[in-house]
Amino acid sequence: MTVDIDKTTGPADTPPAGPEAIKAIPVRHYGRYVSAVVALALLGGIVYAFSQGKINWGTIPDYFFDDRILSGVGKTLLLTVLAMAIGIVGGILLAVMRLSKNPVTSSIAWFYIWFFRGTPVLVQLIVWFNLGLVFEYINLGPFYKDEWSDFMTPFLTALLGLGLNEAAYMAEICRAGLLSVDEGQTEASHALGMSHAKTLRRIVVPQAMRVIVPPTGNEVINMLKTTSLVSVVQYPELLRAAQDIGQTSGAPAEMLFLAAAWYLLLTSVFSIGQYYLERYYAKGSTRQLPPTPWQKVKANMLSLGRPKGGMA
(Lines give C-alpha, C1' and ligand atoms only; values in the text may rest on other atoms or scores of the structure.)
Protein backbone atom coordinates (compact mmCIF):
# COMPACT_ATOMS: atom_id res chain seq x y z
CA MET A 1 0.00 0.00 0.00
CA THR A 2 1.43 3.29 -1.04
CA VAL A 3 0.69 6.67 0.40
CA ASP A 4 0.87 9.75 -1.72
CA ILE A 5 2.33 12.73 0.09
CA ASP A 6 1.07 16.05 -1.06
CA LYS A 7 4.18 18.22 -1.18
CA THR A 8 2.10 21.34 -1.49
CA THR A 9 0.76 20.92 2.02
CA GLY A 10 4.25 20.93 3.66
CA PRO A 11 6.17 23.88 4.93
CA ALA A 12 7.02 26.54 2.42
CA ASP A 13 10.32 26.13 0.62
CA THR A 14 11.92 29.30 2.04
CA PRO A 15 15.52 29.62 3.09
CA PRO A 16 16.11 29.65 6.82
CA ALA A 17 16.07 33.06 8.35
CA GLY A 18 19.51 34.45 9.14
CA PRO A 19 20.55 35.96 12.44
CA GLU A 20 19.04 39.25 13.35
CA ALA A 21 21.09 42.32 12.53
CA ILE A 22 22.88 43.61 15.57
CA LYS A 23 22.00 47.15 16.39
CA ALA A 24 25.15 48.79 17.71
CA ILE A 25 24.58 51.48 20.28
CA PRO A 26 27.53 53.83 20.60
CA VAL A 27 28.95 54.30 24.05
CA ARG A 28 28.15 57.68 25.48
CA HIS A 29 31.13 59.33 27.09
CA TYR A 30 29.43 61.70 29.47
CA GLY A 31 32.70 62.42 31.24
CA ARG A 32 34.09 63.96 28.06
CA TYR A 33 31.18 66.35 27.78
CA VAL A 34 31.49 67.36 31.42
CA SER A 35 35.26 67.90 31.18
CA ALA A 36 34.81 69.90 27.96
CA VAL A 37 32.24 72.16 29.62
CA VAL A 38 34.48 72.64 32.66
CA ALA A 39 37.51 73.43 30.46
CA LEU A 40 35.53 75.95 28.39
CA ALA A 41 34.19 77.56 31.55
CA LEU A 42 37.68 77.91 32.99
CA LEU A 43 38.97 79.32 29.71
CA GLY A 44 36.11 81.78 29.55
CA GLY A 45 36.77 82.86 33.13
CA ILE A 46 40.45 83.46 32.44
CA VAL A 47 39.69 85.44 29.27
CA TYR A 48 37.12 87.53 31.13
CA ALA A 49 39.53 88.22 33.99
CA PHE A 50 42.23 89.43 31.60
CA SER A 51 39.74 91.52 29.65
CA GLN A 52 38.70 93.31 32.84
CA GLY A 53 42.27 93.92 34.01
CA LYS A 54 44.05 97.25 33.78
CA ILE A 55 45.86 96.32 30.56
CA ASN A 56 45.75 98.42 27.42
CA TRP A 57 45.40 95.63 24.85
CA GLY A 58 45.26 98.14 22.01
CA THR A 59 48.93 98.93 22.55
CA ILE A 60 50.04 95.44 21.50
CA PRO A 61 49.02 95.62 17.80
CA ASP A 62 50.53 99.12 17.58
CA TYR A 63 54.00 97.77 18.39
CA PHE A 64 53.68 94.19 17.11
CA PHE A 65 55.58 94.97 13.90
CA ASP A 66 57.71 97.77 15.29
CA ASP A 67 61.21 97.93 13.79
CA ARG A 68 62.81 97.34 17.19
CA ILE A 69 60.62 94.28 17.80
CA LEU A 70 61.36 92.85 14.36
CA SER A 71 65.07 93.46 14.90
CA GLY A 72 64.81 91.63 18.23
CA VAL A 73 63.03 88.73 16.54
CA GLY A 74 65.80 88.50 13.95
CA LYS A 75 68.51 88.53 16.62
CA THR A 76 66.62 85.87 18.59
CA LEU A 77 66.42 83.58 15.56
CA LEU A 78 70.08 84.17 14.69
CA LEU A 79 71.18 83.41 18.23
CA THR A 80 68.99 80.29 18.33
CA VAL A 81 70.42 78.88 15.11
CA LEU A 82 74.07 79.61 15.94
CA ALA A 83 73.83 78.41 19.54
CA MET A 84 72.12 75.18 18.43
CA ALA A 85 74.80 74.67 15.78
CA ILE A 86 77.49 74.92 18.46
CA GLY A 87 75.45 72.66 20.74
CA ILE A 88 74.86 69.97 18.12
CA VAL A 89 78.47 69.86 16.90
CA GLY A 90 79.79 69.93 20.44
CA GLY A 91 77.23 67.37 21.58
CA ILE A 92 78.19 64.88 18.87
CA LEU A 93 81.87 65.31 19.73
CA LEU A 94 81.24 64.90 23.45
CA ALA A 95 79.02 61.85 22.89
CA VAL A 96 81.73 60.13 20.85
CA MET A 97 84.30 61.04 23.51
CA ARG A 98 82.01 59.75 26.29
CA LEU A 99 81.64 56.40 24.50
CA SER A 100 85.37 56.17 23.77
CA LYS A 101 87.40 53.39 25.37
CA ASN A 102 90.09 55.97 26.13
CA PRO A 103 89.64 56.83 29.84
CA VAL A 104 91.13 60.32 29.38
CA THR A 105 88.73 61.47 26.65
CA SER A 106 85.72 59.84 28.32
CA SER A 107 86.61 61.50 31.65
CA ILE A 108 86.98 64.92 30.00
CA ALA A 109 83.58 64.54 28.33
CA TRP A 110 81.99 63.39 31.60
CA PHE A 111 83.41 66.37 33.51
CA TYR A 112 82.24 68.83 30.85
CA ILE A 113 78.70 67.42 30.89
CA TRP A 114 78.65 67.33 34.69
CA PHE A 115 79.78 70.95 35.02
CA PHE A 116 77.57 72.59 32.40
CA ARG A 117 74.46 70.62 33.30
CA GLY A 118 75.02 71.26 36.98
CA THR A 119 75.16 75.07 36.81
CA PRO A 120 72.28 77.35 35.71
CA VAL A 121 72.65 78.86 32.26
CA LEU A 122 71.91 82.32 33.69
CA VAL A 123 74.89 82.00 36.01
CA GLN A 124 77.06 80.88 33.10
CA LEU A 125 76.05 83.94 31.06
CA ILE A 126 76.93 86.31 33.90
CA VAL A 127 80.27 84.55 34.49
CA TRP A 128 81.20 84.81 30.80
CA PHE A 129 80.29 88.50 30.84
CA ASN A 130 82.47 89.18 33.89
CA LEU A 131 85.51 87.05 33.11
CA GLY A 132 87.39 90.29 32.62
CA LEU A 133 87.89 90.21 36.38
CA VAL A 134 90.08 87.14 35.87
CA PHE A 135 91.50 87.66 32.39
CA GLU A 136 92.33 91.30 31.75
CA TYR A 137 93.56 90.63 28.22
CA ILE A 138 93.02 87.93 25.65
CA ASN A 139 96.20 87.13 23.81
CA LEU A 140 96.21 84.74 20.85
CA GLY A 141 99.76 85.54 19.81
CA PRO A 142 100.18 87.15 16.39
CA PHE A 143 96.51 86.57 15.50
CA TYR A 144 94.58 88.61 18.07
CA LYS A 145 95.20 90.60 21.23
CA ASP A 146 92.71 92.85 23.00
CA GLU A 147 91.19 93.68 26.35
CA TRP A 148 88.67 91.14 27.57
CA SER A 149 85.91 93.74 27.96
CA ASP A 150 86.25 94.68 24.29
CA PHE A 151 86.53 91.07 23.14
CA MET A 152 83.59 89.64 25.08
CA THR A 153 80.72 91.51 23.45
CA PRO A 154 77.10 90.86 24.49
CA PHE A 155 76.58 88.77 21.35
CA LEU A 156 79.66 86.62 21.96
CA THR A 157 78.70 86.23 25.61
CA ALA A 158 75.22 85.05 24.64
CA LEU A 159 76.55 82.72 21.94
CA LEU A 160 79.15 81.04 24.15
CA GLY A 161 76.89 80.87 27.19
CA LEU A 162 74.01 79.23 25.34
CA GLY A 163 76.00 77.14 22.86
CA LEU A 164 78.43 75.56 25.32
CA ASN A 165 75.63 74.84 27.77
CA GLU A 166 73.53 73.24 25.04
CA ALA A 167 76.44 70.99 24.01
CA ALA A 168 76.22 69.24 27.38
CA TYR A 169 72.54 68.37 26.86
CA MET A 170 73.00 67.42 23.22
CA ALA A 171 75.84 65.09 24.24
CA GLU A 172 73.45 62.98 26.29
CA ILE A 173 70.84 63.02 23.53
CA CYS A 174 73.38 61.92 20.93
CA ARG A 175 74.80 59.28 23.26
CA ALA A 176 71.33 57.81 23.78
CA GLY A 177 70.80 57.75 20.01
CA LEU A 178 74.13 56.02 19.36
CA LEU A 179 73.48 53.43 22.04
CA SER A 180 70.06 52.66 20.53
CA VAL A 181 71.72 51.14 17.43
CA ASP A 182 72.40 47.43 17.79
CA GLU A 183 76.06 46.57 18.31
CA GLY A 184 75.81 43.97 15.56
CA GLN A 185 75.63 46.81 13.04
CA THR A 186 79.03 48.08 14.15
CA GLU A 187 80.54 44.59 14.26
CA ALA A 188 79.30 43.82 10.75
CA SER A 189 80.72 47.10 9.45
CA HIS A 190 84.10 46.41 10.99
CA ALA A 191 84.03 42.90 9.52
CA LEU A 192 83.60 44.49 6.09
CA GLY A 193 86.74 46.54 6.67
CA MET A 194 85.08 49.89 7.45
CA SER A 195 86.91 52.20 9.83
CA HIS A 196 85.35 53.38 13.09
CA ALA A 197 84.74 56.90 11.73
CA LYS A 198 83.19 55.57 8.52
CA THR A 199 80.98 53.19 10.50
CA LEU A 200 79.69 56.06 12.60
CA ARG A 201 79.07 58.29 9.59
CA ARG A 202 77.39 55.76 7.29
CA ILE A 203 75.87 53.10 9.54
CA VAL A 204 75.34 54.20 13.13
CA VAL A 205 74.44 57.89 12.88
CA PRO A 206 71.73 57.51 10.14
CA GLN A 207 69.95 54.88 12.26
CA ALA A 208 70.40 56.88 15.45
CA MET A 209 68.74 59.95 13.91
CA ARG A 210 65.30 58.46 14.54
CA VAL A 211 66.03 58.66 18.27
CA ILE A 212 68.02 61.89 18.18
CA VAL A 213 65.67 64.09 16.14
CA PRO A 214 62.61 64.33 18.49
CA PRO A 215 64.50 65.52 21.60
CA THR A 216 66.69 67.75 19.43
CA GLY A 217 63.55 69.45 18.13
CA ASN A 218 62.51 70.04 21.72
CA GLU A 219 65.93 71.50 22.46
CA VAL A 220 65.61 73.91 19.53
CA ILE A 221 62.28 75.16 20.84
CA ASN A 222 63.69 75.39 24.35
CA MET A 223 66.71 77.30 23.03
CA LEU A 224 64.42 79.80 21.31
CA LYS A 225 62.83 80.60 24.67
CA THR A 226 66.11 80.45 26.61
CA THR A 227 67.50 83.28 24.49
CA SER A 228 65.34 85.58 26.61
CA LEU A 229 67.91 85.15 29.42
CA VAL A 230 70.60 87.00 27.45
CA SER A 231 68.81 90.27 28.15
CA VAL A 232 70.84 90.34 31.39
CA VAL A 233 74.04 90.79 29.34
CA GLN A 234 72.51 93.69 27.35
CA TYR A 235 72.02 91.78 24.10
CA PRO A 236 69.03 93.37 22.27
CA GLU A 237 67.02 90.23 21.46
CA LEU A 238 63.20 90.04 21.50
CA LEU A 239 62.60 90.31 25.24
CA ARG A 240 65.15 93.11 25.65
CA ALA A 241 63.58 95.06 22.78
CA ALA A 242 60.12 94.63 24.30
CA GLN A 243 61.36 95.78 27.71
CA ASP A 244 63.01 98.86 26.22
CA ILE A 245 59.81 99.80 24.39
CA GLY A 246 57.80 99.17 27.55
CA GLN A 247 59.94 101.60 29.54
CA THR A 248 59.65 104.38 26.97
CA SER A 249 55.97 103.87 26.11
CA GLY A 250 54.72 103.39 29.65
CA ALA A 251 53.27 99.97 28.84
CA PRO A 252 55.72 97.43 30.33
CA ALA A 253 53.14 94.71 30.98
CA GLU A 254 51.64 95.03 27.50
CA MET A 255 55.08 94.63 25.89
CA LEU A 256 55.65 91.43 27.87
CA PHE A 257 52.43 90.03 26.43
CA LEU A 258 53.62 91.13 22.99
CA ALA A 259 56.90 89.25 23.47
CA ALA A 260 54.97 86.18 24.65
CA ALA A 261 52.84 86.29 21.51
CA TRP A 262 55.94 86.38 19.31
CA TYR A 263 57.48 83.45 21.20
CA LEU A 264 54.27 81.46 20.74
CA LEU A 265 54.25 82.25 17.02
CA LEU A 266 57.89 81.24 16.53
CA THR A 267 57.63 78.05 18.58
CA SER A 268 54.53 77.04 16.60
CA VAL A 269 56.47 77.37 13.34
CA PHE A 270 59.37 75.38 14.78
CA SER A 271 56.97 72.70 16.02
CA ILE A 272 55.57 72.23 12.50
CA GLY A 273 59.09 71.82 11.15
CA GLN A 274 59.90 69.33 13.90
CA TYR A 275 56.80 67.28 13.02
CA TYR A 276 57.79 66.89 9.38
CA LEU A 277 61.42 66.17 10.26
CA GLU A 278 60.37 63.41 12.66
CA ARG A 279 58.05 62.03 9.99
CA TYR A 280 60.91 61.93 7.49
CA TYR A 281 63.22 59.96 9.78
CA ALA A 282 60.40 57.56 10.77
CA LYS A 283 60.28 56.08 7.26
CA GLY A 284 62.44 53.11 8.15
CA SER A 285 60.67 52.25 11.41
CA THR A 286 56.96 52.27 10.48
CA ARG A 287 55.21 50.52 7.61
CA GLN A 288 52.83 53.38 6.99
CA LEU A 289 53.53 56.95 7.94
CA PRO A 290 50.79 58.80 9.84
CA PRO A 291 48.87 61.32 7.74
CA THR A 292 49.93 64.92 7.91
CA PRO A 293 47.50 67.56 9.21
CA TRP A 294 46.84 68.68 5.61
CA GLN A 295 46.15 65.08 4.54
CA LYS A 296 43.67 64.71 7.41
CA VAL A 297 41.85 67.89 6.40
CA LYS A 298 41.81 66.80 2.76
CA ALA A 299 40.44 63.35 3.65
CA ASN A 300 37.67 64.89 5.78
CA MET A 301 36.71 67.27 2.96
CA LEU A 302 36.53 64.39 0.47
CA SER A 303 34.41 62.29 2.84
CA LEU A 304 31.95 65.15 3.24
CA GLY A 305 31.60 65.42 -0.53
CA ARG A 306 30.70 61.74 -1.07
CA PRO A 307 27.01 60.81 -1.33
CA LYS A 308 25.65 58.46 1.32
CA GLY A 309 25.60 54.79 0.34
CA GLY A 310 28.04 55.13 -2.54
CA MET A 311 31.28 56.57 -3.68
CA ALA A 312 31.82 59.95 -5.17
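Kirkwood hydrodynamic radius, region 124-270, all distinct C-alpha pairs: what's the number in Å?
The answer is 18.9 Å.
Express in nm, to one decimal, how much length is gained between residue 269 and residue 192 on full extension, taking 0.36 nm for each residue of separation and deducting their alpha carbon distance.
Values: separation 77, 0.36 × 77 = 27.72 nm, distance 4.32 nm.
Between residue 269 and residue 192, full extension yields an extra 23.4 nm.
Of the heavy-atom accessible surface of region 38-193 (probe 1.4 angstrom), what whole percent is carbon and sulfur?
Carbon and sulfur: 69 percent of the exposed surface of region 38-193.
Can you list, largest first and rounded to whole Å, the semi-axes you get for region 103-194 by taking the square root of 5 times each eigenvalue of its Cα gyration tensor?
Output for region 103-194: semi-axes of 37, 17, 11 Å.
Using the beta-carbon distance between residue 277 and residue 256 and R0 = 35 Å, what value does 1/(1 + (r/R0)^6) give for FRET efficiency, to the nearest 0.05? Mind dumping the intermediate values first?
Values: r = 31 Å, r/R0 = 0.89.
So the FRET efficiency works out to roughly 0.65.
Assuming R0 = 30 Å, can you tell me the calculated FRET efficiency for the pair residue 107 and residue 140, based on Cβ-Cβ distance, to the nearest 0.05? Walk me through the intermediate numbers first.
Values: r = 27 Å, r/R0 = 0.91.
Rounded to the nearest 0.05, the efficiency is 0.65.
Suppose R0 equals 35 Å. What FRET efficiency, 1/(1 + (r/R0)^6) with r the Cβ-Cβ distance, do residue 36 and residue 62 give to the nearest 0.05?
Efficiency for this residue pair is about 0.45.
The values are calculated or read from the model by the stated rules, or taken from the named source; none is laboratory data. All values reported here derive from a predicted model rather than from experimental measurement. No Cβ is skipped: glycine too gets one built from the backbone with ideal geometry, and neighbour counts run over all protein chains shown. All accessible areas refer to the heavy atoms of the entire protein, side chains included, with ligands and DNA or RNA removed. Shrake-Rupley method; radii C 1.70, N 1.55, O 1.52, S 1.80 Å.
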